[in-house]
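The values are calculated or read from the model by the stated rules, or taken from the named source; none is laboratory data. In this text, all values refer to a predicted model and were calculated from it rather than measured experimentally. Every residue, glycine as well, gets a Cβ built from its backbone with ideal geometry; the counts of neighbours run over all protein chains shown.
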Amino acid sequence: MDGIFAKSKVNVGDPNENGVVQITIQDESYTVMEPVNAILQCDPRLSFAGYKIKHCLENEIIVRLKCKPEFTGAERACFQDALTTFLSQLTAVEDLCAATIMANATPESI
């Protein structure tokens with residue numbers, strides 16, 4: 001995966017007997033995953049989205065996703081869409097901050 005988890009190891013497993021797909025992300029912390037999880041919670045294709053950290057001293061996140069029956073197999077796409085949405089939101093905040101700084105800047109401070 002590109003972008004936010006570019007330096008992380010991401011492993012997408014096959015669905016288990018209950019249709020839950022597990023995604024393991026190494027070398028990341030919960031700080032990045034919390035807003036992504038909030039976006040996943042709003043995805044109408046998913047019947048379940050959650051994540052856990054194995055241990056607070058380990059940088060490994062386990063994400064579990066399950067799609068509604070009519071969207072079975074779209075878990076990876078749901079995760080990718082959530083990442084894309086999160087990155088676009090970050091870009092919008094960055095642009096707003098930059099515009100605000102430039103609007104309030106004086107010629108001496110530039």
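Does residue 49 count as surrounded by 14 or more Cβ atoms within 10 Å (Cβ to Cβ), touching a residue at least 12 places away in the same chain (Cβ under 8 Å) and touching a helix residue (DSSP H, G or I) at 6+ places or on another chain (Cβ under 7 Å)? The answer is yes for residue 49.
Every residue, every condition in (1) touching a Lys or Arg at 6+ places or on another chain (Cβ under 6 Å); (2) surrounded by fewer than 15 Cβ atoms within 10 Å (Cβ to Cβ); (3) touching a residue at least 40 places away in the same chain (Cβ under 8 Å); (4) on the phi > 0 side of the Ramachandran plot, yes or no:
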| site | (1), (2), (3), (4) |
| --- | --- |
| 22 | yes, no, yes, no |
| 54 | no, yes, no, no |
| 71 | yes, no, no, no |
| 75 | no, no, yes, no |
| 85 | no, no, yes, no |
| 88 | no, yes, no, no |
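Of everything in the stretch 57-69 that is within 18 Å of residue 9 (Cα to Cα) and without any contact (Cβ under 8 Å) to a residue 40 or more places away in the chain, the residue that is surrounded by the fewest Cβ atoms within 10 Å (Cβ to Cβ) is 57. Scanning the stretch 1-20 for residues that are surrounded by 13 or more Cβ atoms within 10 Å (Cβ to Cβ) and at pLDDT below 80 yields 1, 4, 5, 8, 10.
Applying the condition of being surrounded by 10 or more Cβ atoms within 10 Å (Cβ to Cβ) and in a helix (DSSP H, G or I) to the stretch 94-107 and asking which residue is nearest to the chain's Cα centre (by Cα) yields 94.
Sort out which residues of the stretch 65-87 are within 12 Å of the chain's Cα centre (by Cα) and of a type in the set (Lys, Arg), and write them in order of number. Across the stretch 65-87, the qualifying residue is only 76.
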